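Just so you know, all these numbers are worked out from the coordinates, no wet-lab data involved. In this text, all values refer to a predicted model and were calculated from it rather than measured experimentally. Cβ: placed from backbone, ideal geometry, glycine included. Neighbour counts: every protein chain shown.
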Amino acid sequence: MHQDRAPESVWAAPEPAKRRLRLFRRDPEAPTLWQSEFEQRDLGEPLGLWATDDAVALVRFDRVTAYAPATGEPRWTWQPPGRDVIVRVSEDTPDGLGVVLHHDDGDQRAPHVRLTALDLGTGAVAWSREQPKDGLGHIGADHARGVAIGGGRTATVLGGTADAPPTVRCLETRTGARQWERPLPDRWGHEFSVLAADPPVLSVRNHAKRSRPRLYVVCEGAEWYVELPDGYKDFGPAVALVGDTLAVGLEPDDPAGEDEKGADTVLRAYSVPTGEQLWEWRVDHGRTLHPLAHRGYFLVGNGYGSRATVLDPADGRVVAERRLPGFSYRARYAAWNDHLAVACHAVSETRRVRVFRWK
């Protein structure tokens with residue numbers, strides 16, 4: 001993921017440490033530009049959020065809806081053809097194009113799925129092609145967790161057999177040409193989720209009762225993994241990469257009782273080439289973290305959609321923080337220039353999208 005560099009002045013660096021005692025600190029509030037209309041009925045959980053100078057686009061299983069970035073005015077809507085449903089969306093929008101993976105969920109024997117690239121400025125289809133389904137691992141009726149799209153690449157994991165371990169395969173998204181594939185170092189794991197495509201990052205679970213989830217990072221010439229430590233129940237739901245530094249959140253276990261405080265949520269940073277842990281950042285405002293790579297920094301939002309923090313990728317130092325008015329359940333984020341979009345992933349009636357200016 002290639003990000004432009006920017007001086008810390010764009011974030012309005014925090015007050016000196018001696019004035020930032022948590023008891024008295026109140027971080028600046030990001031100005032709200034707009035929020036979407038209140039949804040009076042459940043329209044399903046969003047699958048993705050894109051944001052550029054041209055549009056803020058929300059992706060659901062049956063459509064992509066785009067809004068004007070400055071005002072929230074509806075711009076365009078695209079629906080997959082026939083009975084197709086969208087099951088995966090690209091992490092990024094290179095050249096202003098967002099990619100969706102869709103298929104006919106009523107025909108389980110269909111041999112192909114389809115990838116379609118949409119121009120965020122107009123909603124026009126830039127290109128569309130079929131992809132053999134068996135080359136992408138398991139495609140479920142309503143999701144494709146074993147596939148990730150980003151950086152012009154589609155990464156997938158193919159299940160292992162009695163004679164061979166699972167294999168990570170990378171394809172060029174536009175053409176479907178195979179770039180490379182690499183088997184995992186062992187047959188460990190029964191459930192695979194691909195969190196990122198460039199490089200492929202996998203969250204892997206085992207059905208054994210005492211096993212812990214693992215996070216695999218797979219490159220063309222090597223791979224490594226870390227095991228989830230005690231006190232935490234999952235990785236994710238997103239990872240971000242700045243240079244050779246990968247950041248991922250660790251979600252703490254649920255508290256044992258109402259009066260017992262659970263562990264802090266942790267963001268850990270690892271070296272992509274070696275797997276060495278570089279630093280960690282602990283926070284108590286939210287049980288999930290969603291990191292983004294933006295302007296050469298990590299921008300980290302919490303799962304409530306109420307706060308965003310900018311971290312220096314070199315050492316995890318806090319560069320700036322903002323409070324975000326409102327609330328979103330299982331919030332996901334997208335950033336462009338000095339703007340931040342927050343999507344609510346609650347399966348309920350809600351204001352689905354909120355957009356803020358950083359300063």
Task: Calculated from backbone phi, Karplus (6.51, -1.76, 1.60) coupling profile of segment 195-202 in Hz, x at Gly/Pro - done: 8, 8, 9, 9, x, x, 10, 10
Open item on the list: Could you check the spin-label model distance between residue 220 and residue 317? Points 7 Å from the Cα along Cα→Cβ, value in nm.
Closed with: 3.5 nm
TODO: Using +1 at the Cβ of each Lys and Arg and -1 at the Cβ of each Asp and Glu in the chain, identify which of 43, 138, 69 lies farthest towards the dipole's positive end.
DONE: 69
Open item on the list: Cut-off 10 angstrom, C-alpha nodes, Gaussian network model of the chain. Which of 151, 303, 98 fluctuates the most?
Closed with: 151
TODO: Please state, as a whole number in µm²/s, the translational diffusion coefficient that the Stokes-Einstein equation yields for segment 163-225 at 4 °C and 1.567 mPa s, with Rh defined as the Kirkwood radius across alpha carbon pairs.
DONE: 104 µm²/s
Open item on the list: What distance in nm lies between label points placed 7 Å from Cα along the C-beta direction at residue 212 and residue 107?
Closed with: 4.6 nm
TODO: Determine, at each q value in 0.08, 0.11 (inverse angstroms), the log₁₀ of I(q)/I(0) that the Debye formula gives when each Cα of the chain is one equal point scatterer.
DONE: -0.39, -0.76
Open item on the list: With +1 on the Cβ of every Lys and Arg and -1 on the Cβ of every Asp and Glu, and nothing else charged, how large is the dipole of the chain about its Cα centre, in debye rounded to the nearest 20?
Closed with: 480 debye
Task: Lys, Arg +1 and Asp, Glu -1 on Cβ, resulting dipole of segment 290-338 about Cα centre, debye, nearest 20 - done: 200 debye
Open item on the list: Under a crude label model (7 Å from the Cα following the beta-carbon direction), how far is residue 39 from residue 133 in nanometres?
Closed with: 2.6 nm
Open item on the list: From the phi angles alone, apply the Karplus equation (6.51, -1.76, 1.60; θ = phi - 60°) to segment 271-288 and give each ³J(HN,Hα) in whole Hz, x where the residue is Gly or Pro.
Closed with: 6, 5, x, 10, x, 5, 6, 9, 6, 9, 10, 9, 8, 10, 9, x, 8, 10
Task: Residues with amide H under 5 Å from that of residue 317, placed H, sequence gap 5 or more - done: 312
TODO: Search the structure for amide H atoms under 5 Å from the amide H of residue 184, placed 1.01 Å from N in the peptide plane, and list their residues when 5 or more places away or on another chain.
DONE: 167, 168
TODO: Let me have the relative contact order for segment 171-319, percent, based on Cα pairs under 8 Å that are six or more residues apart.
DONE: 13 percent
Task: residue 276/residue 62 FRET efficiency (R0 25 Å; Cβ-Cβ; nearest 0.05) - done: 0.05
